[in-house]
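Report on the structure given below.
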Amino acid sequence: MKSKSKNISSIIMAVSLILVFLFMSIASYFNSGCGAASVKNIYYPDSNGNMLRAQLFIPNGISADKKAPAILNMHGGGDNLECVGNFSSELARRGYVVLSVDEYGSGFSDYVTGNVATGAGGSKEKTAKTSTMDGGASVSLKQLLSYDFVDQDNIGLIGHSMGGSYITNAALQNASHVKAIMPWGSGSFLDLLKKTKSEDFKFSVGYLNGKNDEMILFSTHLDNTAKLLQQNYMKKFFGTDKDIVAGQVYGSFQQKDARVVYTPTTSHIGNLVCSESVGYLLSFFESAMPTNTNIGSASQVWQFKETFDVFAIIALLCFVLSLGYTLFAGKLFGSLVYEGDQPSVKMNAPLKWIGALVLMVIPMLTLYKIGLPLTTIKASKFFPMDWSNYFAWLTLINAAIILVLFLIWHFAYGKKHGGNAQSYGLINSGVSWIQILKTIGFSVAIVFAIYVIVNSCYALFNIDFRFWIFAIKPITVARLPYLWGYLIVFLLAFGILNMVSVSFAGLSSDSNSKLGVLKQYVIGWLIGAGGFTIIVLIYYMGLKVNHYPPFFYGFGPFPNGHPNSLVFSMKLLTVVPQFTFVSIMNTAFYRKTKSIYVGTFVSALFLAMIAVTGNAFTF
């Protein structure tokens, strides 16, 4: 029986691995504009020897004798170049050379004090910095101009959010080389407009002002982004005394003084996956510095890249589960499997669902009220990434709150109805120090396999496993040493969460029927990601309907609404898929071992890797 199970798991593992590489290769094809351009990872130094990393999109057929217009692409604060990759691929598909940059501290670029990728907003000191910081944009612009296949007279820059001010600073310093810029969703760019004369912008300017862009509302203190077109400083910049008309060209592209604002129906990070936003940007540059490829702005293929990325993520999850089951069927890790009866606390169905509901609601209640104060804690050498820190601390605090509730429940109910170390998943007849060591070895093998695949796919296809802003990115030697702090925090947190899930929520007591198995996975997901999913749905539905964000809470220097409350809501779009991935692994491995340790170690190690690979250095 065990041999048959191992064979089935091995077959699923092989098929899913093939599908991972197949789906990633197809996604890579669309990332290159359907083969219209080659994509290369490049590194180049600034004047102090700090290395910047970028992806260079080179359209087919260009050369020193057949030059092409070029565009510098800068992502938003705390993100990485892959977040704005859809814009790069669509521009390259239309014949533009594109240099998409990991800003200082982000992705694979070196971290440089004073050029923090997440330095937007906040104190007066940080606001002052936005007037001079460019995140590496000036260095990258020089790099772009160094290529002999680039048309030196047709250079454009685009930047999302904080990247909008980066490209503006770089363009103002290098105006003789720049023909057009387009910041999008950039409140820091609007701050620059207030203190810069229109005549200093010796190039055309386009701007994407999303109808639901919550960060624009924060930076402008307006209650509707449409009112931005009525502001005097905007009208002065556009050279009109009337309200600005969205989509209308003020000035002339031929004279390099065109001014255009577009209003796509999307949110701040919705711009990243919005065909309307992509289309407006393409139309703007086709007017400012045309390539005459005759590909309409509505003809877009990036959606297929996103779709096959999702397929690859699902295939990767299938590979992980089948690899785990294959390892369980082998000699080395076979002893981790527990096939005996698992005792459980006697609870009826309503009590189980109440337990799951409590565990689901606690993260919802703490996200903003505790999360916002956590943002005042500065990054450190051991915990060097702000947003990784905030969610790590929050997870640990939630675990502590849940532990207190669990102890109350244990003494009031659980202990009297069969609650003990075995029914809580802490021990079974096979648990020993040898088993714990094997558990660690199993977890390392699983996560190591994930990142061998992730790094291999990146080396082969120049893309990560991504949907929107969620990503499983390659690990680098430079980032690996920062793993340990986050690993310790997540080990503590998931040890508690798994124990409580098994007992308090009655996860261990469902039968092996199809319905029982499904209930285990559903309860596991609800506990891990259900509450955050509800917040995401409420947030974006409210934003879409009212054009104003729910959960815009005041704190500290921003009593009328702290920007980090908005960022917390946006970051949940990464947290929900992370916790979904983890909850499925967790439940699957618990069902085989009947203990919390395998799930705890795998989940903690995987999330620690996500934390150190996907966020910007801020220390």
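For the stretch 398-417, name all the residues that are open to solvent by 30 Å² or more (accessible area, probe 1.4 Å) and farther than 30 Å from V575 by Cα.
Scanning the stretch 398-417 gives F411, A412, Y413, K415, K416, H417.
Provide a single number: the residues in the stretch 316-359 that are open to solvent by 50 Å² or more (accessible area, probe 1.4 Å), among the small types (G, A, S) and assigned to a loop (DSSP other than H, G, I, E, B).
0
Any idea which of K211, K202, K256, K242 is closer than 30 Å to F558 by Cα and among the basic types (K, R)?
Within the list K211, K202, K256, K242, the selection yields K211.
State which residue is farthest from Q255 (Cα to Cα) when the search covers only the stretch 159-195 and only residues that are touching a Leu at 6+ places or on another chain (Cβ under 7 Å) and open to solvent by 10 Å² or more (accessible area, probe 1.4 Å).
Step by step, filter the stretch 159-195, then rank; the result is N174.
Only one of (1) open to solvent by 20 Å² or more (accessible area, probe 1.4 Å); (2) outside any helix (DSSP H, G or I); (3) modelled with pLDDT under 90; (4) hydrophobic (A, V, I, L, M, F, W, C) is not met by A505, so which one is it?
Against the list (1) open to solvent by 20 Å² or more (accessible area, probe 1.4 Å); (2) outside any helix (DSSP H, G or I); (3) modelled with pLDDT under 90; (4) hydrophobic (A, V, I, L, M, F, W, C), A505 comes up short only on (1).
Okay, residues lined up against (1) modelled with pLDDT of 95 or more; (2) within 24 Å of the chain's Cα centre (by Cα); (3) in a loop (DSSP other than H, G, I, E, B):
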site	(1), (2), (3)
K227	yes, no, no
I244	yes, no, yes
F253	yes, no, yes
T265	yes, yes, yes
G279	yes, yes, no
F284	yes, no, no
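Would you check which residues across the stretch 212-258 are crowded, with 17+ Cβ neighbours inside 10 Å and among the β-branched types (V, I, T) and list them?
I216, T220, T225, I244
Check the stretch 75-91 and report whether any residue there is outside any helix (DSSP H, G or I), touching a helix residue (DSSP H, G or I) at 6+ places or on another chain (Cβ under 7 Å) and of a type in the set (V, I, T).
No, every residue in the stretch 75-91 fails to be outside any helix (DSSP H, G or I), touching a helix residue (DSSP H, G or I) at 6+ places or on another chain (Cβ under 7 Å) and of a type in the set (V, I, T).
In this structure, is G210 under 30 Å from the mean Cα position of the chain (by Cα), outside any helix (DSSP H, G or I) and over 29 Å from M541 (Cβ atoms)?
The answer is no for G210.
Is it true that some residue in the stretch 27-38 is open to solvent by 50 Å² or more (accessible area, probe 1.4 Å), of a type outside the set (F, W, Y) and under 29 Å from V310 (Cβ atoms)?
no
Within the stretch 387-399, is there a residue that is among the hydrophobic types (A, V, I, L, M, F, W, C) and part of a loop (DSSP other than H, G, I, E, B)? Break it down into steps so the answer makes sense when it comes.
Residues of the stretch 387-399 that are among the hydrophobic types (A, V, I, L, M, F, W, C), as a first pass: 387, 391-394, 396-397, 399.
Next, only the ones that are part of a loop (DSSP other than H, G, I, E, B) stay: none.
Among the residues of the stretch 387-399, not one is among the hydrophobic types (A, V, I, L, M, F, W, C) and part of a loop (DSSP other than H, G, I, E, B), which makes the answer no.
Within 22 Å of T618 (Cβ to Cβ), open to solvent by less than 50 Å² (accessible area, probe 1.4 Å), of a type outside the set (V, I, T) and in contact (Cβ under 8 Å) with a residue 60 or more places away in the chain, is that true of A471?
yes
Please go through the stretch 139-155 and pick out each residue that is open to solvent by less than 70 Å² (accessible area, probe 1.4 Å) and part of a helix (DSSP H, G or I).
V139, S140, L141, Q143, L144, L145
Considering only residues that are farther than 24 Å from S275 by Cα and either of a type in the set (S, T, N, Q) or free of Cβ contacts under 8 Å to residues at least 24 places away in the same chain (or both), which ones fall in the stretch 174-227?
N174, S176, T196, K197, S198, E199, S219, T220, L222
Check the stretch 606-618 and report whether any residue there is open to solvent by 30 Å² or more (accessible area, probe 1.4 Å), farther than 20 Å from I440 by Cα, in a helix (DSSP H, G or I) and of a type in the set (V, I, T).
No, the conditions are met nowhere in the stretch 606-618.
Got at least one residue in the stretch 302-318 being of a type outside the set (V, I, T) and at pLDDT below 95? Full working, then the answer.
Here is the first cut: in the stretch 302-318, the ones of a type outside the set (V, I, T) are 302-306, 308-309, 311-312, 315-318.
Then keep just the ones that are at pLDDT below 95; that gives none.
No, there is no match, as no residue in the stretch 302-318 is of a type outside the set (V, I, T) and at pLDDT below 95.
Has the stretch 546-554 got any residue that is out of contact with any Asp or Glu (no Cβ under 8 Å at 6 or more places or on another chain) and closer than 18 Å to L497 by Cα? Lay out the reasoning, then the answer.
The initial filter retains those residues of the stretch 546-554 that are out of contact with any Asp or Glu (no Cβ under 8 Å at 6 or more places or on another chain), namely 546-547, 550-551, 553-554.
Narrowing further to those that are closer than 18 Å to L497 by Cα: none.
No: the stretch 546-554 contains no residue that is out of contact with any Asp or Glu (no Cβ under 8 Å at 6 or more places or on another chain) and closer than 18 Å to L497 by Cα.
Does P69 satisfy the condition of being open to solvent by 10 Å² or more (accessible area, probe 1.4 Å) and either hydroxyl-bearing (S, T, Y) or over 27 Å from the mean Cα position of the chain (by Cα) (or both)?
Yes.
Of everything in the stretch 371-397, what is surrounded by 14 or more Cβ atoms within 10 Å (Cβ to Cβ) and either over 22 Å from the mean Cα position of the chain (by Cα) or among the acidic types (D, E) (or both)? Give them in sequence order. Break it down into steps so the answer makes sense when it comes.
Applying the first criterion (surrounded by 14 or more Cβ atoms within 10 Å (Cβ to Cβ)) to the stretch 371-397 yields 371-372, 374-375, 379, 383-397.
The answer is D386, I397.
The values are calculated or read from the model by the stated rules, or taken from the named source; none is laboratory data. Quick caveat, the model's predicted, so the values are computed rather than measured. All Cβ positions, glycine included, derive from the backbone under ideal geometry; neighbour counts span all protein chains shown. Only protein heavy atoms, including side chains, enter the accessible area calculation; ligands, DNA and RNA are left aside. Shrake-Rupley method; radii C 1.70, N 1.55, O 1.52, S 1.80 Å.
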